[in-house]
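The values are calculated or read from the model by the stated rules, or taken from the named source; none is laboratory data. All values reported here derive from a predicted model rather than from experimental measurement. Cβ coordinates were reconstructed from backbone atoms using ideal geometry, including for glycine residues, and neighbour counts include every protein chain displayed. For the accessible areas, the whole protein counts, side chains as well, though only heavy atoms, and no ligand, DNA or RNA atoms are used. Shrake-Rupley method; radii C 1.70, N 1.55, O 1.52, S 1.80 Å.
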Amino acid sequence: MTRTVHHWIGGKTVEGTSGIYGPVTDPATGAVTTRVAFASAEEVDAAVTTARDAFATWGLSSLSTRTAVLFRYRALLDGHRDEIAALITAEHGKVHSDALGEVARGLEIVELACGITTQLRGELSTQVSGGVDVSSIRQPVGVVAGITPFNFPAMVPMWMFPLAIACGNTFVLKPSEKDPSAAVLLAELAAAAGLPDGVLNVVHGDRTAVEALLTHPDVAAVSFVGSTPIARHIHATASAHGKRVQALGGAKNHMLVLPDADVDAAADAAVSAAYGSAGERCMAISAVVAVGAIGDDLVARIKDRAERITIGPGTDPASEMGPLITAAHRAKVAAYVTGAAAQGAEVVLDGTGLTVEGHEDGHWIGISLLDRVATDSDAYRDEIFGPVLCVLRVDTYEEGVALMNASPYGNGTAIFTRDGGAARRFQLEIQAGMVGVNVPIPVPVGYHSFGGWKDSLFGDHHIYGTDGVRFYTRGKVITTRWPDPADAPSGVDLGFPRNH
Ligand code: NAD
């Protein structure tokens, strides 16, 4: 082991005291390169207390103070794109260009936060009653905890903390223990941008650290992104402890391809969205629903494209797809492919036998394509989170939408068609939070919110955008009278206040 990743609390590196560490692996080699400190409940308490103390000042800081820091932060992040992306590739395994894309989408939220001045504007109604004005303002909630998944170690934290701190909150981030280094660099750069100590803190760890955050009396709100079972648990536990919670969960994103679709565009989109980042994206397309006669041609073109994908280390510019996050996850993904035929699927491509020369111990798996997958099979029902694309065949648009709406997940979805009327109908009928029309990965821009329906999100708010600002603030309504004793003499009146 060459290095240790420490906590970041109060604007400085804080070494762990629990004595517990987790291994961080380079997925391309399988080698443990780093260890990460796991926080105890006491260490989490220290971070939350630091954030609570910082809130006393930051919560009242001027908007221009906050935006000045955020503009400097934006510039620093921009200058460190490569460095952040390299950390992501080293610990997550995704290829460098994909990691740069993640950083760019995270930066969008910092840019959104730079414009917090307009988003926090209040509302004023004058003369609601004689001599009475009413204004509505939004104020920060306090200490926000963010708990994030392995698959976007920079972007998902950036979905949360820039907006939270722009709104005047302080933040404790618990990034994934599988690839924790990018989060620490993000916090170091925030400090370099002039963010006061204690406003953004990073604690590492596993369930122990998460439970300590969910139950801590000084944590006001919890933003979570991860798998559905954990999201459900986070929402229930943090809600029971009186916190507001947004918990984004897993997904099984379907792409409906109508018979009139541009079949080449649909095949390009399916391959890009299914196999990019080795399928380890919550917005990956994992199920293509082919309507009618287009199915055979579509599968043939997907196969043709998928076979030509170059798989290798994320540091090699020739690689288009990297390894999976852990050896255990690789084995789990492979089991879905090897078990698919027995559950009725036609295995068009089986990627389980892949090895990468010179990297024999990496967590490699090749491209798999399963056709005529049954809706009651494991490969269809579960979120596989690997480079495995299931194709399902239906006869009609209605059958396709019914199949998709029966899924417990409702994160992203897409339709491929040339028929505007069908696309419009789909937008209204499909039960999912994000819809793409001839766009396979409809991740909203920063100024529209991101979130799913059903088991893909627990809570009332989507993340970032307008919903993010509302989640990280609470409303206050002020009713004001400045009476002129000459024309509004005061007097006792026990009646309920009426407007006149
Ligand atoms: P995960 O649920 O295993 O872990 C997410 C976070 O929760 C991590 O910080 C982890 O340390 C913590 N955690 C794990 N087990 C826990 C437990 N028992 N108690 C408390 N905390 C626990 O998810 P992952 O494997 O890191 O990420 C992949 C999952 O995240 C996929 O399901 C993917 O779809 C989902 N995801 C969803 C979105 C979205 O926007 N909906 C975005 C990215 C990833």
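The figure for ASP316 is an accessible area of roughly 70 square angstrom, using a 1.4 Å probe on the protein chains alone.
Near the amide H of LEU256, within less than 5 Å, lie the amide hydrogens of VAL289, ALA414, ILE415, PHE416, all on another chain or at least 5 residues away, with H placed in the peptide plane.
Divided by 2.2 N^0.38 Å, where N counts the residues, the Cα radius of gyration of region 253-437 comes to 1.00.
For region 117-261, what ratio Rg/Rh do Cα atoms give with a Kirkwood hydrodynamic radius?
Numbers: Rg = 19.0 Å, Rh = 17.2 Å.
Rounded to two decimals, Rg over Rh is 1.10.
Between the C-alpha center of region 448-471 and that of region 474-500 there is a gap of 38 Å.
If you take the Cα atoms of the chain, find Rg, then find the Kirkwood Rh from the mean of 1/r over all pairs, what is Rg/Rh? Taking Rg over the Kirkwood Rh, I get 1.03. Annotation: amide H-H contacts under 5 Å for PHE458 (H modelled 1.01 Å from N, sequence separation of 5 or more, or interchain): ALA247, LEU248, GLY249.
For LYS454, the lysines whose Cα falls under 28 Å of its own Cα, not counting residues fewer than eight places away in the same chain, are LYS174, LYS178, LYS243, LYS252, LYS332. On the beta carbon distance between ARG308 and GLU211, with R0 = 30 Å, the FRET formula returns roughly 0.05. Secondary structure note: in the chain, about 45% of the DSSP beta bridges are antiparallel.
Think of the chain as having a plus end and a minus end, set by charges on the Cβ of Lys, Arg, Asp and Glu; of VAL492, LEU87, HIS216, VAL492 sits farthest toward the positive end of this dipole. The distance separating the Cα centre of region 68-98 from that of region 140-203 comes to 14 Å.
For region 244-344, trypsin sites (Lys or Arg not before Pro) are listed when DSSP marks them as loop and at most 14 other Cβ atoms sit within 10 Å of their Cβ; the list is ARG308. The residue list PHE471, GLY451, VAL437 was ranked by how far each Cα lies along the charge dipole of region 425-484 toward its positive end, using unit charges on Cβ atoms, and PHE471 comes out on top. The simple Förster model, with R0 at 60 Å and r as the Cβ-Cβ distance, assigns GLU320 and SER490 a FRET efficiency of 0.20.
Solvent-accessible surface (1.4 Å probe) assigned to TRP58 amounts to roughly 10 Å². For region 92-166, the list of trypsin sites (Lys or Arg not before Pro) that fall in a loop by DSSP and count at most 11 other C-beta atoms within 10 angstrom reads ARG121. Here's the list of aspartates and glutamates a cross-link from LYS303 could span, going by alpha-carbon distance under 15 Å and ignoring same-chain residues fewer than 8 apart: ASP264, ASP268, GLU346, ASP350, ASP371.
The H on the amide N of VAL5, modeled in the peptide plane, is under 5 Å from the matching H of ARG35, VAL36, ALA37, each at least 5 residues off or on a different chain.
Please compute the Kirkwood hydrodynamic radius of region 1-95 from all pairs of different C-alpha atoms, in Å with one decimal. Write down the numbers at each step before the final one.
Numbers: mean 1/r = 0.0623 Å⁻¹.
Every distinct Cα pair counted, the radius reaches 16.0 Å.
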